[in-house]
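To start, the structure under review is shown below, and the notes come after it.
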Amino acid sequence: MTIDLSFGSLAERRRLAAADRRAAQLAELHYLEELAGHAATVVRAGWTQATWFAAVDDQGRRRVVDPRRTRDRGTRVFDQACLVGAIVHAAGGPAAVHTQLVQRTLELVWHTLYQGPGREVQWCPAPLVRATHVRDLTRWNDQPGRTSAEVVALLDATRAAAEAEALRIRGACSPAPGRSMR
């Protein structure tokens, strides 16, 4: 008795690998969209400029909050967050700043603001380019006259961009007429 341990044809393995990549991309886009939505909620609760986080004391004075202290025994110790700070906080705080979820969300926000829907998102730019994109977002957030409503609108547009990218990926994996996706 002979047991066939092969995993199908090379073409079949490639097709399955591509399907796995698409599924992973769709899952990630779902989380990016969700994170942008949570960040918008943070901004709606309180927005700031010129720092990631700020708190307003009992006398109405604004003070900068050290990013490492954005969570203190499970309670929120800030009242306001900027665009970047809101994304970082929504992802879990400063410990999450270098995670792929935060980095790719920031890239999608930057892309939404500066590139628009007609261009492909560069998900993994070089570290210096990524740092420049974060500075661009910070400058945009800190421009005189900027409003929290504009920041929320950008985060909403980012959510729409994530959904559009997911639709594009889903469309790319649609079977040709008369063919199944099995």
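Details
- Pairs linking a residue in the stretch 32-51 that is of a type in the set (Asp, Glu) to a residue that is surrounded by fewer than 19 Cβ atoms within 10 Å (Cβ to Cβ), with Cβ atoms under 7 Å and 6 or more positions apart or on different chains, are Glu33/Glu163.
Residue-by-condition table, conditions (1) farther than 29 Å from Arg22 by Cα; (2) at pLDDT 95 or above:
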{"site": "Arg76", "(1), (2)": "yes, no"}
{"site": "His98", "(1), (2)": "no, no"}
{"site": "Arg135", "(1), (2)": "yes, yes"}
{"site": "Trp140", "(1), (2)": "yes, yes"}
{"site": "Thr158", "(1), (2)": "no, yes"}
{"site": "Ser180", "(1), (2)": "no, no"}
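- His89 meets each of the listed conditions (1) surrounded by 20 or more Cβ atoms within 10 Å (Cβ to Cβ); (2) modelled with pLDDT of 95 or more; (3) under 14 Å from His38 (Cα atoms) apart from (2).
- Selection from the stretch 52-71 of residues that are in contact (Cβ under 8 Å) with a residue 24 or more places away in the chain and assigned to a helix (DSSP H, G or I): Pro67, Arg68
- Each residue in the stretch 139-149 was checked for being within 21 Å of Glu34 (Cα to Cα) and either surrounded by 16 or more Cβ atoms within 10 Å (Cβ to Cβ) or in contact with a helix residue (DSSP H, G or I) (Cβ under 8 Å, 6 or more places away or on another chain) (or both), and 2 of them qualify.
The values are calculated or read from the model by the stated rules, or taken from the named source; none is laboratory data. As the structure is a computational prediction, the values presented were derived from the model and not from experiment. We place every Cβ from the backbone using ideal geometry, glycine too, and count neighbours over all the protein chains shown.
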